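Structure first, commentary second.
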Amino acid sequence: MTLDAHIPSGPIEQAWDKARFEMKLVNPANKRKHTILVVGSGLAGASAAASLGELGYKVRCFCFQDSPRRAHSIAAQGGINAAKNYQNDGDSIFRLFYDTVKGGDFRAREANVYRLAENSLKIIDQCVAQGVPFAREYGGMLTNRSFGGAQVSRTFYARGQTGQQLLLGAYQALERQVHAGTVTMIPRTEMLDLIVVDGQARGIVTRNLVTGELDVYFGDAVVLATGGYGNVYYLSTNAKGSNATAIWRAHKRGALFANPCFTQIHPTCIPVSGDYQSKLTLMSESLRNDGRIWVPKQKGDKRPPSQIPEDERDYYLERRYPSFGNLVPRDVASRNAKAVCDEGRGVGETGLGVYLDFGDAINRLGEHVIRERYGNLFDMYQRITDENPYKVPMRIYPAIHYTMGGLWVDYHLQSTIPGLFVAGEANFSDHGANRLGASALMQGLSDGYFIIPYTVGNYIATHKFAKVDESSSEVKSAVAGVEQTIDKLLSIKGKRTVDSFHRELGKIVWDECGMSRTAQGLEKAIGQIRALREEFWQNVTVPGSGDDLNQSLEKAGRVADFFELGELMCIDARERNESCGGHFREEYQTTDGEAKRDDEHYSYAAAWGYGGADGKPMLTKEPLEFHYVHPSQRSYK
Amino acid sequence: MKLTLKIWRQKGPSDKGKFITYQLNDVNPEMSMLECLDVLNESLIERGEEPVAFEHDCREGICGSCGFMINGVAHGPLPATTVCQLTMRHFKDGQQLVIEPWRAAAFPLLKDLVVDRRAFDRIIEAGGFVSVSTGNAPDGNTIPVGKEIADRAMDAAACIGCGACVAACPNASAALFTGAKISHLGLLPQGKPEQDRRALGMVAQMNTEPFGSCTNIGECTGVCPKEIPLEVIAHMNRDFWQASWKEREDLVQTIAPVTSWSNKTKTKS
Amino acid sequence: MSTSTVQAFKHQAPSFWQSTNGKKVVMAVTGCILFLFIIGHLLGNLLVYAGPVRYNAYAAFLHFDDTLLWIIRSVLIVAVVLHITATVQLALRNKKARPVDYSRKEAINSSFASRTMYWSGPIVLAFVIFHLLEFTAGYIHPGSQFIRGDVYHNVIAGFSVWWVSAWYIFALILLGIHLRHGIWSMFQSVGYNHKKHTPLLKKAALVIAAAIILGYISIPISVLTGLVK
């Protein structure tokens, strides 16, 4: 199989314009005759559904939560990037494009990233118009803060709740369309299979999470905007409900899965405190603007931080990366934190933590300025840890936060199944091997507001849609398959809970396919995951029935998919014999411990085809070409 | 630490519910309230019983999914905190916690501690937006928004839609929720053109749902995880009577509340 | 997998009066009228300390023109009727809004006054009826003969009966509690709330309510203690 990314020819600055011009349009009167199914209601899903609704399509939007406003985009704290150059500090579309490609360690598609940087301008305008209360200067102009991996100030924010405000903007646009009758919102509903008829995505099978009913919805195109798969690790900053089921079931129906091993570890999370822990809490990267990261120079120094004098502290990021300092990209910051903890210099009871110290900033700016900037984050930290970060340095440690990998899509965000589009974190497209801070919100909204509405229209205009026969074998077998899985899960009645399996799976993947990986460890992990999966299907216990609200059953189905996806992540990581971005293979590092890429052999996106329950996944490579940003050893020194 | 949890259990919307008492002997004070329920649920599942259904998602206090009454207070004793961030160190060893779902006619109970809050979505649908279609927007700095206005709008916009205000109100009123959105958008120049329509539409929908009336007593703001002030309710009242006065034609329509969850009667194509 | 379409059923919005917010505005406006009456009435009452001649002259002045008096009385009656109708309707609605009660519910952020409006109101109403029957109509006048026109005599004679005074004082304290919430709450209902002003307003409400009540109950106390004869 060869993959055609459909990148327009010609200069990159004109690529998207050219692509849009070449797209076929759907007559306004005909749009309402086409149904589009949008699965997921986060930034990408809600913005896509709302924009498609505005154009006049008949849209059905699904989410598993009780309201579209609860999607996990809401938890993004720090901000959203845009190349507005309002600060006059030398930013431009090209610089944002450059920073993102470089930040992604040269494993992203140039044309996609350029379009993302272009769209960033319109996103801010759109959100402001919707009433997103971005932070402002006294004079009424938009203000910015800095984020990792960039030397310009281009991050727009709404206190520490930027994701929430952007999502509410998209949610309000969505509700406006619900009111107008173009979008039907179907909450508390989970997609459990994709219906492919004559090679085209034509519908989905869903389970109503309240009544347990299985329903079939037909449409002319399906948009998956279901987020990432960080919950494979069990402990992550993702919401408890975030899951990979929709993309995984689509993968099983033929959509290729690209770069599953590219996962992002966020450097600033509150450290794990006990084995009951259900999730990890992120502290925004924006804190690194004013906080200084350090550990004691001395191994095993158990003195409280206030008693460690200045010259016995190691500000290791400032020391190793003088030009970016505490604002190095996430993968670099995380890896360095792990390294100092591995040396035995970690702080806190578990030794898995480093200090994020605001002492200097408070002395320089005053406590009120710090409170103004980060007040809600400090409050949250104090609520969770019972320590006052205005007085005592925060303790932080890296945690799984984002997954760059996802379903493979072309320039049109269409997967390898015609009619199946994938937007936001669920696709693999824009971040390569590492995502820069404040770029996830940007990508979700760029996909949803400014790409999907065009490309889905082009697909509709260029294809024919015969009515799908409800009694066709494709539909029946899809429903039957879902029924079987549910019945099976309920009938095992073994001894172990779903969570106990999930926890164990997470530990395996975190240990061997987390912040650093080795071929040997990955091999071991694959074996362990397979064995655990086998045990799961024989020994899991799911109480209750399938006919009502059953949270254990929901979890069981999701964890079953995490097993298969976790295995693919390890396979992909083992296959990629290089270090790049979030994927750090211990065998491949420079003498001073930085990631060592192998552009000659691995400058490609690894797109995997489903290999059957116990078969082998098939790898297809999409070569990456760099015409504008020349691949180099990433340096933040 | 040891805790006694007295939890409301109810199988389904039309079943009769009752309190069941559970003893927990090994609660870590660092746990969150939800993690405490996780531990209880794990032990229930191992015993072959159905776990306590409760809503939760982000566990960072921002998605608004979680929430229940603990000893008669929505989200429990700690101010400005959702139950997912409420750590057990705020309770005393040996204490009994009475855990009850939000109770309101507008929030029909689905199971155990899970209630249906779609009424909130319908209120937003009735006007809680700025009518700007994708692509319509001028440059973000075209209309300056003074810092103070932006900050006040943000204060109101911080609402997470958890429903604690309704749960804590003796009248089960949704005034704080509705006022927060009217206030957020009404303060900003971008929301001004639709100010009247928004107030009329949202207030009408709020009144169509079986919420009670606001009696200005302030229990809502006391339990609000985002400490949204009563000021937003005044803003709603002001916008509403002014818009009612100016209204030239009765154009506002409301949607009948839906309580069914089955999709069997809806179109699938 | 049926294919019938269910349209969201839309209907006409509730009118201003039908909406809870509209009713609260009506309550605020009528409450304000009644509040102004209470102040005016108090100022008049305090003339009792100026002696029978001036007090009775003031009472006669109120009856200067019967038409005018009845216009003012009508306004007050309409205000009372609207205030009560709105309250009763809202109370019934609020009862329905929580069909299943909590087994345990704590008040953590509301004043005693605000939570007791529903029963301070009715008791004050009962008192007002009694008060009108005693001092305006003279149907009930325990302990002495009601003399139309000699208001001073009626007041002194009325309050000389200890339980009349006690009932008066009790009802007035409830009125004070009612005002304590009502005075600032009416601003909230018509849409005035300000981060700095409202806390002052709440304090002012307490002071004004207390001053009014002290003013009123000083009269029966003066009568009982013999300060005013």
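What follows draws every value from the coordinates through simple rules; no lab data is involved. Everything quoted here is computed from the prediction, not taken from an experiment. Quick reminder, even Gly has a Cβ in these numbers, built from the backbone with ideal geometry, and neighbours come from all protein chains shown.
Backbone amide hydrogens, once placed in the peptide plane, bring A:Cys580 within less than 5 Å of A:Arg585, excluding anything fewer than 5 places away on its chain. With coordinates expressed along the principal axes, the C-alpha atoms belonging to chain C extend over 87, 42, 35 Å, beginning with the largest. Peptide A:567-579 has a mean shielding of 0, counted as Cβ atoms of other protein chains within 10 Å of each residue's Cβ. Annotation: amide H of B:Glu55 within the under-5 Å range of B:Gly67, sequence separation 5 or more or interchain, hydrogens built in the peptide plane. Computed about the Cα centre, the dipole magnitude for the stretch A:4-120 is approximately 660 debye when only Lys and Arg (+1) and Asp and Glu (-1) carry charge, each at its Cβ. Inter-chain neighbour count for B:167-178: the average number of beta-carbon atoms from partner chains within 10 Å of each residue's beta-carbon is 4. Of all DSSP-defined beta bridges confined to the protein assembly as shown, some 70% are antiparallel rather than parallel.
Amide H contacts of A:Val197: A:Arg202, each under 5 Å away and 5 or more positions distant or on a separate chain (H built 1.01 Å from N in the peptide plane; Pro and chain starts excluded). As a ratio to 2.2 N^0.38 Å, the alpha-carbon radius of gyration for the stretch B:117-246 is 1.03.
Computed over the alpha-carbon pairs of chain A, the distance histogram in 10 Å steps reads 3, 17, 28, 28, 17, 6, 1, 0 percent, short to long.
From Cα pairs below 8 angstrom and at least 6 apart in sequence, can you work out the relative contact order of chain C, rounded to a whole percent?
Rounded, it is 27 percent for chain C.
Each residue of the stretch A:563-576 is assigned a 3J(HN,Hα), and the resulting list reads 4, 5, 5, x, 5, 5, 4, 5, 5, 5, 5, 5, 5, 8 Hz, derived from the Karplus form 6.51 cos²θ - 1.76 cosθ + 1.60 (θ = phi - 60°), x at Gly and Pro. Spatial offset of the stretch B:1-68 relative to the stretch A:117-161 amounts to 40 Å, using the alpha carbon center of each. Within 10 Å of the Cβ of each residue in B:234-243, the mean number of Cβ atoms contributed by other protein chains is 6.
If you run the Gaussian network model on chain B, springs between alpha carbon atoms under 10 Å, then out of B:Asp196, B:Asp112, B:Asp57 the most flexible one is B:Asp57.
Shown here for the stretch A:92-199: trypsin sites (Lys or Arg not before Pro) in loop regions (DSSP other than H, G, I, E, B) with at most 14 other Cβ atoms within 10 Å, of which there are none.
Positive contributions from Lys and Arg (+1) and negative ones from Asp and Glu (-1), summed over other residues with Cβ under 13 Å from the Cβ of B:Gly218, come out at -1. Over 19 Å apart at the Cα level, from the set A:Lys31/A:Lys122; A:Lys495/B:Lys111; C:Lys105/C:Lys202; B:Lys16/B:Lys111; C:Lys23/C:Lys96, are A:Lys31/A:Lys122; A:Lys495/B:Lys111; C:Lys105/C:Lys202. Among the trypsin sites (Lys or Arg not before Pro) within the stretch B:59-111, those in coil by DSSP and having at most 16 neighbouring Cβ atoms inside 10 Å are B:Lys92.
Karplus-based coupling profile of the stretch A:587-595, in residue order and whole Hz: 5, 10, 9, 6, 4, 9, x, 8, 5, with θ = phi - 60° in 6.51 cos²θ - 1.76 cosθ + 1.60 and x standing for Gly or Pro.
A simple count of charges around A:Trp16, restricted to other residues whose Cβ falls under 14 Å of its Cβ and scoring Lys, Arg +1 and Asp, Glu -1, yields -3. For the stretch C:158-226, dividing the convex hull volume of the Cα atoms by the residue count gives 66 Å³ per residue.
Based on the Kirkwood radius over alpha-carbon pairs, what value in µm²/s does the Stokes-Einstein equation return for the translational diffusion coefficient of the protein assembly as shown at 20 °C and 1.002 mPa s?
Answer from the Stokes-Einstein relation: 68 µm²/s.
Classify the stretch A:265-401: rounded, prolate or oblate, from the alpha-carbon gyration tensor (a ≥ b ≥ c, eigenvalue square roots; a/c under 1.5 rounded; otherwise prolate if a/b is larger than b/c)? Taking the square roots of the gyration eigenvalues as a ≥ b ≥ c, the stretch A:265-401 is rounded. Other residues whose C-beta falls under 14 angstrom from the C-beta of C:Ser111 contribute a net charge of +3, scoring Lys and Arg +1 and Asp and Glu -1. Residue-wise HN-Hα couplings along the stretch A:264-275, as the Karplus relation 6.51 cos²θ - 1.76 cosθ + 1.60 with θ = phi - 60° gives them from phi, are 9, 9, 8, x, 10, 10, 6, x, 5, 10, x, 7 Hz; Gly and Pro carry x.
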